[in-house]
Amino acid sequence: MKPAIKQILLFGAFMLGLYCNMPGQNRSTEEMLAAQYLQNGEYDKAVILYEELFEKKQDPVNYNALLNCYIGLNDYERAERFIKKLIKQNPGNYRYEVDLGWVYERSGDINKAEKQFKGLINKLPAEPNRVIDLSNAFRIRGKIDYQLQTFLKGRSLLKNSMPFNVQIAQIYEFQGNYPEMMNEYIDFVDLSGNNIDMVQGILQSALQNDPEGGKAEALRQVLLFRTQKNASNTLYVEMLLWLSLQQKDFETAFIQAKALDRRLGRDGYLVFSVGSLSLSNQNFDVAIKAFNIIVEKGIDNPYYTDGRIGLLNANFQKLNSLYERDKAAFVKLEEDYNATLDELGYHSGTIGLVRNLARIKAVYLDKVDESIELLNKAIKLPGATPRMQAECKIELADVYLIQGEVWEAALLYGQVDKAFKEDPLGHEAKFKNARLSFYIGEFEWAKAQLDVLKAATSKLIANDAMELSLLIQDHTSYNGEPEALKIFARADMLQVMMLYDKALVTLDSIPAKYPFIDLNANVLFRKAEIALKTGDYKKADECLEALLQKHPSSVLADLSLFKRAEINETLLDNKPLAMELYQKLMTDFPGSLYVTQARIRFRSLRGDVL
């Protein structure tokens with residue numbers, strides 16, 4: 001099908017849909033019939049009706065339809081006469097002027113079409129609205145090159161009063177000319193530093209649709225070139241810093257922020273901002289470096305307190321994220337927390353530090369009693385909001401569970417659930433209480449609470465609730481083994497209490513008694529988790545390998561593959577096997593939640609520039 005005919009048929013389908021959706025009083029049988037003829041390509045019938053309709057109402061719908069009828073009939077002379085008549089009736093209407101050139105082009109008279117288009121641009125007056133009108137007329141007919149020429153002509157006529165940078169940049173983006181696109185945006189920033197927020201907003205959207213990275217690289221090159229050419233212009237460095245943050249290149253952003261802070265005398269504001277963003281994106285090393293710089297500036301720095309807190313949080317989250325449990329590192333971190341709290345004091349502004357310190361004591365340093373005392377102190381701190389108190393109560397309940405104090409924990413979870421019913425904090429408490437019920441074998445009650453949480457606003461809580469609910473359902477139904485699940489739940493409780501040897505013995509009793517049940521996949525996964533916590537990484541890998549061999553269709557298969565790959569990459573230093581496992585995950589489980597991260601890790605191990 002010829003492009004022109006295809007375009008007309010598509011337009012006819014659009015027209016029919018438009019008419020069919022118009023209010024009844026505005027739609028006539030004649031209009032509907034005309035649109036149907038146009039859609040069917042019956043131009044000889046459609047043209048008669050549209051000529052009558054256009055005589056009655058000269059609106060854009062009837063105009064476009066009638067013009068497309070003439071084109072569909074290859075009757076270019078009538079089309080030309082039709083448009084010229086409208087031009088005479090509506091002098092200065094660029095829509096008709098451009099359409100005349102379009103008719104010439106459709107008829108095959110390219111020279112005449114180009115003469116018409118160029119003539120319009122050459123006669124363009126120095127009026128912003130006229131420039132925009134002509135540009136829009138060219139855009140409607142898909143004449144992007146002429147649209148660009150219109151804006152460039154308008155710029156030369158209007159000078160800096162109306163440079164059309166944004167419009168021209170958007171055309172260059174459409175054409176795939178990213179270097180010129182970025183030059184236009186940076187020119188716009190050069191006109192006024194006040195434009196930087198607007199440009200960053202536009203570019204943020206553009207960079208999200210940049211799978212090959214061409215736009216980002218073009219922007220980087222333009223900014224680097226201009227920085228070298230005009231080193232005194234800090235706007236370029238600010239834009240480079242912004243670009244690094246968009247690409248999550250926090251190492252580069254940190255270097256740029258340090259330099260820019262010095263030049264602008266910002267007291268470390270930019271470095272602190274990079275540290276905060278790095279921490280929220282779990283780039284702990286950059287966050288630690290950034291916050292260290294702030295702390296080194298001394299107590300008189302306006303960001304000192306936040307920097308000190310950020311540094312502790314970054315170190316805590318980094319150690320907490322590692323499989324390896326370095327007790328000496330946690331002892332040092334405990335000392336740092338104590339020193340900071342001694343300096344800053346115990347108050348509502350440091351209650352988050354108190355909570356983290358309590359966790360360090362209970363989970364990593366076997367100081368459960370000290371942890372409980374600290375959390376009870378935090379709950380009573382002057383100025384602590386109900387939310388802060390609730391967060392401490394959840395932490396305290398977690399610590400009570402480590403001691404095996406089930407009812408104390410349940411009471412605290414219940415208090416928070418009741419106080420924050422429709423809040424993510426309340427949902428977290430409800431989930432932990434339901435999980436506690438699971439630990440003690442109250443499956444029916446646990447599942448009822450978990451099913452409520454499937455609709456929780458927090459995706460993480462909703463997913464965790466669904467997983468545990470399905471586990472209960474699968475192993476308490478008519479073909480399940482509820483007794484095996486009770487043993488499994490008891491092992492989970494022992495793991496929470498950090499009684500790992502007892503947990504392993506309990507888990508091993510399940511396949512010995514029930515060798516053919518699906519729950520044994522979960523048993524192997526739990527054993528791998530315990531092995532990781534106790535530092536037996538080879539054993540963890542073996543458990544996951546056994547899970548994948550014995551239960552290849554398990555819902556845990558994709559996660560097990562990902563965990564095996566992580567263990568071999570980071571703990572067993574077996575990079576080739578890690579790559580093989582990441583690749584297997586991408587191939588065998590293309591819809592897995594872990595595929596994106598697996599692809600990133602695979603490419604990194606392969607040596608790709610990310």
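Of note:
- Positions within the range 486-509 being out of contact with any Lys or Arg (no Cβ under 7 Å at 6 or more places or on another chain), of a type in the set (A, V, I, L, M, F, W, C) and under 16 Å from Phe443 (Cβ atoms), in sequence order: Ile487, Phe488, Ala489, Met493
- Within the range 576-593, restricting attention to residues that are of a type in the set (S, T, N, Q) and at pLDDT 95 or above, the residue that is surrounded by the most Cβ atoms within 10 Å (Cβ to Cβ) is Gln583.
- Filtered residues of the range 493-536 (kept if surrounded by fewer than 18 Cβ atoms within 10 Å (Cβ to Cβ) and basic (Lys, Arg)): Lys502, Lys513, Lys533
- Residue count for the range 324-374 under the criterion of being touching a Ser or Thr at 6+ places or on another chain (Cβ under 7 Å) and within 20 Å of Lys533 (Cα to Cα): the result is 3.
- Count of the range 254-276 residues which are without any contact (Cβ under 8 Å) to a residue 24 or more places away in the chain and in a helix (DSSP H, G or I): 7
- Looking across the range 132-161 at every residue that is buried (at least 17 other Cβ atoms within 10 Å of the Cβ) and either in contact (Cβ under 8 Å) with a residue 60 or more places away in the chain or of a type in the set (A, V, I, L, M) (or both), the one that is nearest to Gly101 (Cα to Cα) is identified as Ala137.
Per-residue answers, yes or no, for (1) closer than 30 Å to Ala397 by Cβ; (2) part of a helix (DSSP H, G or I):
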{"site": "Ile288", "(1), (2)": "no, yes"}
{"site": "Asp300", "(1), (2)": "no, no"}
{"site": "Ile309", "(1), (2)": "yes, yes"}
{"site": "Asn315", "(1), (2)": "yes, yes"}
{"site": "Asn320", "(1), (2)": "yes, yes"}
{"site": "Leu341", "(1), (2)": "yes, yes"}
{"site": "Gly352", "(1), (2)": "yes, yes"}
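- The set of residues from the range 547-575 being over 30 Å from the mean Cα position of the chain (by Cα), in a helix (DSSP H, G or I) and either aromatic (Phe, Trp, Tyr) or surrounded by fewer than 18 Cβ atoms within 10 Å (Cβ to Cβ) (or both) comprises Gln549, Lys550.
- Among the residues of the range 306-335, those that are closer than 13 Å to Lys361 by Cα and touching a Leu at 6+ places or on another chain (Cβ under 8 Å) comprise Phe316, Lys327, Ala329, Phe330, Val331, Leu333, Glu334.
- Qualifying positions in the range 467-514 - under 35 Å from the mean Cα position of the chain (by Cα) and farther than 27 Å from Asp369 by Cβ: Glu467, Leu468, Ser469, Leu470, Leu471, Ile472, Gln473, Asp474
- For the range 388-466, the helices (runs of 4 or more DSSP H) that sit wholly inside it and include 1 or more residues that are β-branched (Val, Ile, Thr) are 406-419, 443-453.
- Residue in the range 130-141 that is of a type in the set (D, E, K, R), at pLDDT below 95 and more than 30 Å from Glu212 (Cα to Cα) present: no
- Top-ranked residue in the range 425-450 [being farther than 17 Å from Leu411 by Cβ and more than 34 Å from the chain's Cα centre (by Cα); ranked as surrounded by the most Cβ atoms within 10 Å (Cβ to Cβ)]: Phe443
- Count of residues meeting criterion [over 18 Å from Gly213 (Cβ atoms) and either in a loop (DSSP other than H, G, I, E, B) or without any contact (Cβ under 8 Å) to a residue 12 or more places away in the chain (or both)] in the range 162-187: 4
- Some residue of the range 221-241 being among the acidic types (Asp, Glu), closer than 16 Å to Tyr172 by Cβ, touching a residue at least 12 places away in the same chain (Cβ under 8 Å) and out of contact with any strand residue (DSSP E or B) (no Cβ under 9 Å at 6 or more places or on another chain): no
- Inter-residue pairs, beta-carbon under 6 Å, first free of Cβ contacts under 8 Å to residues at least 60 places away in the same chain and in the range 571-588, second buried (at least 16 other Cβ atoms within 10 Å of the Cβ) and of a type in the set (S, T, N, Q), 6+ apart: Asn574/Asn568; Leu577/Asn568; Ala578/Asn568
Residues are listed down the side, and each one gets a yes or a no for (1) in a helix (DSSP H, G or I); (2) at pLDDT 95 or above; (3) hydrophobic (A, V, I, L, M, F, W, C); (4) buried (at least 22 other Cβ atoms within 10 Å of the Cβ):
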| site | (1), (2), (3), (4) |
| --- | --- |
| Gln39 | yes, no, no, no |
| Val47 | yes, no, yes, yes |
| Glu55 | yes, no, no, no |
| Gln58 | no, no, no, no |
| Ile83 | yes, yes, yes, yes |
| Gly92 | no, no, no, no |
| Arg95 | yes, yes, no, no |
| Trp102 | yes, yes, yes, yes |
| Ala113 | yes, yes, yes, no |
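The values are calculated or read from the model by the stated rules, or taken from the named source; none is laboratory data. This is a predicted model, so every value here is computed, not measured. Backbone-built Cβ (ideal geometry, glycine too); neighbour counts: all protein chains shown.
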